[in-house]
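One structure is given here, and the rest of the page talks about it.
The values are calculated or read from the model by the stated rules, or taken from the named source; none is laboratory data. Bear in mind the structure is a predicted one, so any value in this text is a computation, not a measurement. With ideal geometry, Cβ positions are generated from the backbone for all residues, glycine too; neighbour counts draw on all protein chains shown.
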């Protein structure tokens with residue numbers, strides 16, 4: 001498995017194809033219309049300016065992607081990031097999500113971020129299991145926060161400390177770190 005940084009021109013179409021079923025057929029994503037290739041290319045470019053967006057290749061095919069983004073806009077949140085991972089159905093249960101997250105979380109820690117946060121539409125035992133196996137702990141649940149596919153949905157929030165809290169102010173987070181291919 002090859003984990004590398006996403007290239008908007010090369011990877012946006014495959015990322016859009018991986019993401020579309022999550023939008024159309026599941027409550028996992030709260031989007032209702034799947035973004036196309038050009039929109040995914042814009043997202044990859046925008047996110048990559050401040051955080052990593054990684055893709056995984058298996059046998060020359062894009063099998064999944066993971067990215068981080070700012071947790072909130074207010075200045076004091078700048079050491080926290082939201083993270084997400086999406087894996088193509090043909091690549092489920094092959095360790096793709098775990099390897100993407102391991103690489104992503106390592107890059108975020110090296111960048112100087114201290115906390116990774118993940119929102120999970122509930123129920124979703126596979127995603128909860130993945131996050132908890134990597135050390136995430138549940139921080140809370142927003143009840144009936146979104147309406148999708150005919151039902152009100154809860155979203156659970158999990159977090160992972162990437163670095164221990166310090167008494168002194170932490171250094172400013174740096175730019176995104178490039179993984180070695």
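Some points to look at:
- Each residue in segment 25-51 was checked for being under 22 Å from residue 102 (Cα atoms) and in contact with a strand residue (DSSP E or B) (Cβ under 6 Å, 6 or more places away or on another chain), and 4 pass.
- Qualifying position, being in contact with a helix residue (DSSP H, G or I) (Cβ under 9 Å, 6 or more places away or on another chain) and modelled with pLDDT of 95 or more, among 162, 108: 162
- Among the residues listed as 73, 31, 45, the single one being closer than 18 Å to residue 119 by Cα and modelled with pLDDT of 95 or more: 31
- Residues (in a strand (DSSP E or B) and under 16 Å from the mean Cα position of the chain (by Cα)) located in segment 12-61: 53, 54, 55, 56
- Identity of the residue in segment 132-163, in a loop (DSSP other than H, G, I, E, B) and farther than 28 Å from residue 106 by Cβ, that ends up farthest from the chain's Cα centre (by Cα): 150
- Residue 69 falls short on exactly one of the conditions (1) in contact (Cβ under 8 Å) with a residue 24 or more places away in the chain; (2) touching a strand residue (DSSP E or B) at 6+ places or on another chain (Cβ under 6 Å); (3) not in a helix (DSSP H, G or I), and that condition is (1).
- Here residue 129 clears all of (1) within 28 Å of residue 11 (Cβ to Cβ); (2) touching a residue at least 12 places away in the same chain (Cβ under 8 Å); (3) under 18 Å from the mean Cα position of the chain (by Cα) except the condition numbered (2).
- Residue in segment 73-86 that is within 16 Å of the chain's Cα centre (by Cα), in a helix (DSSP H, G or I) and closer than 18 Å to residue 124 by Cα present: no
- Comparison of 69, 76, 125 shows that the only residue that is surrounded by fewer than 19 Cβ atoms within 10 Å (Cβ to Cβ) and touching a helix residue (DSSP H, G or I) at 6+ places or on another chain (Cβ under 7 Å) is 69.
- Qualifying positions in segment 142-174 - loosely packed, with under 13 Cβ neighbours inside 10 Å and closer than 29 Å to residue 30 by Cβ: 143, 144, 147, 149, 150, 151, 152
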